[in-house]
Amino acid sequence: MTTPPDVASGRATTGSPGTRVLGGLTLAGLALLLGYSFLWSPADIAQQDAVRLMYVHVPTSIVAFTACFITTFASAMWLRRKSDGWWVLGAASAEVAVVFTGVCLLTGSIWGRITWGTYWDWDPRITSTTMLFILLIGYLALRRIDSEAGDPAQRGARSAIVGLLLFPNVMIVHFSVDWWRSLHQTATITRLDPTIEGTMLFTLMLGIVVFSMLFVWLLIHRFRLSWIEERLGSTGLDAAIGERRAEAGVPAMGGTV
Amino acid sequence: MLAFTHVGFLAAGWGISLAVFGAYALRTVRRGRSLAAQIPPEARRWS
């Protein structure tokens, strides 16, 4: 078996000069963030060094919510325009959102064990974030399940409607600490006068920037990968239909299916 | 000498996070490489 020339030369990738620059900057940013998180930012008076989990937990939650917003927007645009680009963007953003939401839940669970003495509690924010995680997985699963009629448009509409529910769910997660009694504190960094020490605030903001860069890098690669998968999927479907038609002695149709 | 409280929890929280992101990034790039070779170069508008 021979290796395709594109693979041998390393040219066939989902990367581009722009993503390589962004990837390098993201790695450098991560190194800087680790430095600030563990060396240059102080421990908290009450939480001591456990506060250092904030620099990964809060940024990943913000990025996860942004990713959900992109999927909701892409779903709405797909319902309106029915174009492949919005379809692929919705899937790519949702998959990256699953990763960020999962990390947010894991780090939150570890941080909760230190501060509240438990890995899990039926707290409104934890519960609504878990619901969001399940909704994201449901959205991705629906995209893979064919409708009874085998109609791709019906499958797309079904998953796009679930996609529309993601951002409202993010709003529930965000306001849950105000609407219900919660172990979580209310807004800290979104108020005009944040009650957080200078270096800690800088480290937190750096974390948001770095994890946002990571998100953009992952989203671009995942978008291109989904684009290729869609192309290969439709090519494979065309070939399978052609084979079935040939077996049945039916002449091939013009154009693509 | 650095001396942190909650070292195990910090290591687990940061370690799991970086491992998850690293593994996902690696999987995405590798899958992209294997599938990108199956489509014609002109279809890869980004390269």
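The values are calculated or read from the model by the stated rules, or taken from the named source; none is laboratory data. These numbers come from a predicted model, not from an experiment. A quick note on method: Cβ atoms are made from the backbone with ideal geometry, for glycine too, and the neighbour counts reach across all protein chains shown. All accessible areas refer to the heavy atoms of the entire protein, side chains included, with ligands and DNA or RNA removed. Shrake-Rupley method; radii C 1.70, N 1.55, O 1.52, S 1.80 Å.
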Exercise. For segment A:176-233, how many residues meet the condition of being surrounded by fewer than 15 Cβ atoms within 10 Å (Cβ to Cβ), small (Gly, Ala, Ser) and modelled with pLDDT under 85?
Worked result: 2
Seminar exercise, completed: Residue hits (chain B; not in a helix (DSSP H, G or I) and not β-branched (Val, Ile, Thr)) are B:MET1, B:LEU2, B:ALA3, B:PHE4, B:HIS6, B:ALA37, B:GLN38, B:PRO40, B:ARG44, B:ARG45, B:TRP46, B:SER47
Problem set entry | Within segment A:13-36, tally of residues that are within 10 Å of chain B (Cβ to nearest Cβ) and either surrounded by fewer than 17 Cβ atoms within 10 Å (Cβ to Cβ) or of a type in the set (Gly, Ala, Ser) (or both) | 6
For this session: Could you tell me whether B:SER17 is touching a Pro at 6+ places or on another chain (Cβ under 9 Å) and facing chain A (nearest Cβ under 7 Å)?
Result: no
Problem set entry | Given (1) open to solvent by 60 Å² or more (accessible area, probe 1.4 Å); (2) under 21 Å from A:ALA12 (Cβ atoms); (3) within 7 Å of another protein chain (Cβ to nearest Cβ), number of the condition B:ILE39 does not satisfy | (1)
Exercise. Just one of A:THR72, A:THR115 is touching a Leu at 6+ places or on another chain (Cβ under 6 Å), among the polar types (S, T, N, Q) and touching a residue at least 24 places away in the same chain (Cβ under 8 Å); which is it?
Worked result: A:THR72
Exercise. If you go through segment A:37-89 one residue at a time, how many are more than 14 Å from chain B (Cβ to nearest Cβ) and part of a loop (DSSP other than H, G, I, E, B)?
Worked result: 2
